[in-house]
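J.: One structure follows; several queries about it will come next.
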Amino acid sequence: MEKYVLIALFAPLVGSLFAGAYAMKPKRLITGIVTSALLFVSFVSSLILLFDLLKTEEAVRVKLFDWITTGSLNIPFGFVADQVSVIMMVTVTLVSTLVHVYSIGYMEHDKGFNRFFSYLSAFVFSMLVLVMSDNFAGLFIGWEGVGLCSWLLIGFWYYKKDEPKEVNPSISPSWAANEAFIMNRIADLGMLIGLFIIYWHIGSLDYNVVFAHVNLLDIAIITMMGIFLFIGAMGKSAQFPLHTWLADAMEGPTPVSALIHAATMVTAGVYLVVRSFPIYSQIPNIGFYIAALGAFVAVFAASMALVNTDLKRIIAYSTLSQLGYMFVAAGLGAYWVALFHLMTHAFFKALLFLGAGNVMHAMNDELNIFKMGGLYKVMRWTAIFMIIASLALSGIYPFAGFFSKDKILEVAFDAQHYILWFMLWVGAGMTAFYSFRLIMLVFFGEERYKKYGFHPHEAHWYMLAAMAPLALLAIVAGFFEEPFEEFVTQLLPEYHVHIHGILAVALIGLTTLIALSGIALAVYKYSHGGFSPKWKETFIYKLLYNQYYIPVLYEKLFIEPYKELSKIAWKELDLRIVDATVDFIAGIIYKSGFAGRVVQSGNLSKMLRWMVIGLLILLVLVIVYSPVR
Amino acid sequence: MITLTHYLVLSAILFSIALVGVLRRKNLLMLFFATEIALNAINIAFAAISKYYGDLTGQMFAFFVIAIAASEVAVGLGLLIIWYKRRGTIDLDSLQTMHG
């Protein structure tokens with residue numbers, strides 16, 4: 001079985017290197033095909049591991065070599081395929097295989113075709129390192145690796161100019177990439193501190209050792225660990241207040257948004273919390289804080305999605321909101337529920353994004369949903385896929401989202417955090433509303449695109465074929481809830497919901513009711529011309545449309561003072577003190593050299609004179625310093 | 001009685017004369033003369049000290065110096081003649097082709 005672990009891990013790396021070798025060449029179809037095929041190999045290996053694990057119930061461990069060995073610190077380069085990491089592996093490799101195939105069509109006219117596949121496979125490799133590592137150091141390497149690939153891919157179209165908001169409402173890709181990278185850097189510092197605390201108190205970073213000893217520690221220390229690790233998770237999973245980068249990350253190519261900023265990378269934070277459950281189950285207070293933050297983000301992000309007009313940003317806010325749901329489950333101790341929602345969400349959110357990619361392609365990269373409408377007639381399959389994904393996202397029976405999301409609501413209710421439950425419930429309504437607002441505005445109603453001179457067309461057949469498995473999973477994945485629970489609770493703690501009978505039915509009914517009414521409201525309103533323009537004048541609309549003015553606030557609060565500070569550091573500190581000192585020393589040497597230059601006149605008699613002077617000086621020195629007899 | 005000191009003083013005086021010659025003269029031929037004087041000043045010192053200690057090494061060394069000085073003069077004069085043929089002068093300042 002070790003063989004399959006290594007194949008699953010290194011096949012994407014091989015693909016990445018292969019495509020990378022063609023990076024500067026014009027488009028070669030082979031790079032796309034080879035990387036996709038290698039990812040499929042990786043997916044099959046993950047599946048084999050999954051079935052093996054189902055049978056033997058024993059995790060596969062591989063130690064490649066000792067990586068860092070200094071003094072008492074010993075970090076091996078080891079990997080593990082246990083219940084949690086296998087679930088992550090299968091999800092990651094499945095979605096990324098499909099996204100790779102899809103990208104062959106999506107990027108077909110892009111001059112960076114080969115480069116794109118190289119980055120995308122490198123991302124998958126990093127993500128696999130992240131989920132498969134058997135120690136925190138390896139996890140951190142993967143963590144940084146996905147951050148790097150995310151940066152490369154958000155800024156994939158780095159040559160696009162940074163235009164003022166009036167010309168182009170979206171920001172430049174390179175700016176977005178830097179924002180994402182810097183935000184993550186802030187969070188990673190927190191995570192590093194968390195790792196230091198773990199190493200300081202336990203003396204190892206190996207999961208087994210850490211989790212076996214963590215309950216012996218002082219509760220205050222465990223709390224510190226939990227807080228700092230969660231700061232890292234907040235950055236990667238874009239939780240408030242480090243959330244602004246995710247919406248801006250939509251500047252990358254759409255398959256990237258589907259794979260990285262919806263299905264896999266952003267769930268790394270959730271994975272970290274789930275993986276560190278022995279730490280978090282010791283500190284329910286921090287767990288409650290995580291859950292509360294998650295519920296807040298769930299509503300907060302959903303409310304921003306309600307009014308946004310940008311196709312991809314709506315889905316991005318939806319991702320944020322769903323990540324909030326996952327954190328609620330993880331925070332309240334229902335780790336397997338969080339993991340389950342992570343998996344189902346990966347399927348339907350990737351599907352939604354790929355559908356959005358088709359729409360963008362058809363509309364020449366137009367993103368404003370108010371310039372679309374009536375696209376159902378020309379893009380039937382895309383529309384059907386996106387409706388399926390939206391139904392799953394809204395949590396309608398029998399789609400996948402119903403099972404996972406409803407479970408989270410039940411958990412919140414069961415833990416007697418009724419306020420959290422209420423927030424999530426409202427969030428569910430909002431989710432349904434904005435999903436179907438998007439569907440209605442894009443696919444139905446008046447064909448506004450004709451006014452703007454677009455000629456939409458359906459995507460390639462293989463792009464649709466790549467979406468089909470995701471659509472299937474978005475429908476059926478929910479029915480695997482029980483085997484899933486049984487499988488992952490071999491490793492994760494069990495969580496039983498104690499709500500039965502009429503109350504459980506009532507809860508499900510309530511949730512379905514608000515989701516359905518959200519859908520009904522969206523369908524009714526937008527099939528009758530939408531909301532009146534007066535809405536746009538209200539304060540609340542402006543507040544939501546401007547993302548609660550948080551980007552502006554950050555600009556004023558952090559970026560501008562930082563700019564000022566940098567200016568002072570540059571003009572006052574650097575130029576006047578550091579540079580001045582260096583220039584002064586250089587000046588002395590330069591001037592003395594200039595003065596001493598006359599010695600080298602090339603005139604023999606002058607040089608002889610210098611020689612004699614030197615001789616005399618040496619003689620004097622000999623006389624002065626000769627030992628006295 | 002002529003002691004070692006007298007020889008050494010003579011040697012020092014001769015060496016100083018040579019040094020001044022080296023520094024002051026502009027004619028290359030004179031420079032050669034000055035260096036010969038300097039070498040012979042050293043030879044005197046060698047011979048005197050050798051006699052004083054009763055050790056023949058110093059005198060042997062003086063012979064070496066004489067031999068080497070002779071060959072040096074042979075080579076040096078050859079170069080000097082070539083230089084004179086090229087430039088028509090053996091003034092020291094005419095040797096200056098590099099400037100600092």
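Bear in mind these aren't lab numbers, they're just calculated from the coordinates by the rules spelled out. All of these numbers come straight from a predicted model, not from anything done at the bench. Every residue, glycine among them, receives a Cβ derived from its backbone with ideal geometry; neighbour counts consider all protein chains shown.
J.: Note down the relative contact order for segment B:7-90 as a percent, whole number, built from C-alpha pairs under 8 angstrom at least six residues apart.
T.: Details: 66 pairs, mean separation 22.5, N = 84.
Across segment B:7-90, relative contact order equals 27 percent.
J.: Tell me which residues come under 5 Å, amide H to amide H, from A:W67 once H is placed; ignore anything under 5 positions away on its chain.
T.: So A:W67 has HN proximity to A:I75, A:F77.
J.: Running Debye on segment B:7-90 with equal point scatterers at the Cα sites and no solvent, what base-10 log of I(q)/I(0) appears at q = 0.15, 0.20, 0.22 Å⁻¹?
T.: Evaluating at q = 0.15, 0.20, 0.22 Å⁻¹ gives log10 I(q)/I(0) of -0.62, -0.90, -1.00.
J.: Something else: Fewest Cβ neighbours within 10 Å first, please rank A:I475, A:I286 accordingly. Before the final figure, lay out each step's value.
T.: Numbers: A:I475 18, A:I286 21.
If I rank by nearby Cβ atoms, fewest first, I get A:I475, A:I286.
J.: Report the relative contact order of chain A, percent, no decimals, based on alpha-carbon pairs under 8 angstrom and at least 6 residues apart. Intermediate results must be reported in sequence, preceding the final value.
T.: Values: 1006 pairs, mean separation 71.9, N = 629.
The normalised contact order for chain A reaches 11 percent.
J.: Can you tell me the orientation of helix B:28-53 relative to chain B, as the angle in degrees between its alpha-carbon axis and the longest Cα principal axis, to the nearest 10?
T.: Long axis of B:28-53 versus the principal axis of chain B: about 10 degrees.
J.: OK, next. Can you tell me the order of A:515-521, A:384-390 when each peptide is scored by its average per-residue count of other Cβ atoms within 10 angstrom, highest first? Mind showing how you got there, number by number?
T.: Values: A:515-521: 18.6, A:384-390: 23.9.
Highest-to-lowest ranking by the protection proxy: A:384-390, A:515-521.
J.: How big is segment A:218-302 by Rg and Dmax over its Cα atoms, in Å?
T.: Final numbers for Rg and Dmax: 14.0, 47 Å.
J.: What percent of all Cα-Cα pairs in the protein assembly as shown falls in each 10 Å bin, counting up from 0?
T.: Bins of 10 Å from zero give 3, 12, 20, 18, 11, 5, 4, 5, 7, 7, 5, 2, 1, 0 percent of pairs.
J.: Looking at segment A:535-629 from every direction and averaging, what is the projected area of its Cα convex hull in nm²? It would help to have the intermediate numbers written out before the result.
T.: Working: hull surface 57.7 nm².
If I average the Cα hull's projected area over directions, I get 14.4 nm².
J.: Can you run phi through the Karplus equation (6.51, -1.76, 1.60; θ = phi - 60°) for segment A:355-372 and list ³J(HN,Hα) in whole Hz, with x for Gly and Pro?
T.: Once rounded to whole Hz, the list reads x, 4, x, 4, 4, 4, 4, 5, 9, 6, 6, 6, 10, 6, 5, 7, 9, 9.
J.: Within a 10 angstrom radius of each residue's Cβ in A:601-608, how many Cβ atoms of other chains show up on average? Whole number is fine.
T.: Taking all residues of A:601-608 together, the mean is 6.
J.: Per residue of B:18-31, what is the mean number of Cβ atoms on other protein chains within 10 angstrom of that residue's Cβ?
T.: 2
J.: Okay, moving on. Sort B:D55, A:D52, A:D82 so the one with the fewest other Cβ atoms within 10 Å of its own Cβ comes first.
T.: Fewest-to-most ranking of B:D55, A:D52, A:D82: B:D55, A:D52, A:D82.
J.: Rank these for me by crowding, A:H109, A:H417, going from fewest to most other beta carbons within 10 Å. Could you put the intermediate results ahead of the total?
T.: Working: A:H109 8, A:H417 20.
So the residues, fewest neighbours to most, are A:H109, A:H417.
J.: Given the DSSP H assignment, sum -39500 (n - 2.57) over each helix run of at least 4 residues in chain A and divide by its residue total; what's the result at 222 nm in deg cm²/dmol, nearest 500? List each step's numbers first, then the result.
T.: Values: 26 runs with 429 residues, N = 629.
So the calculated ellipticity at 222 nm is -22500 deg cm²/dmol.
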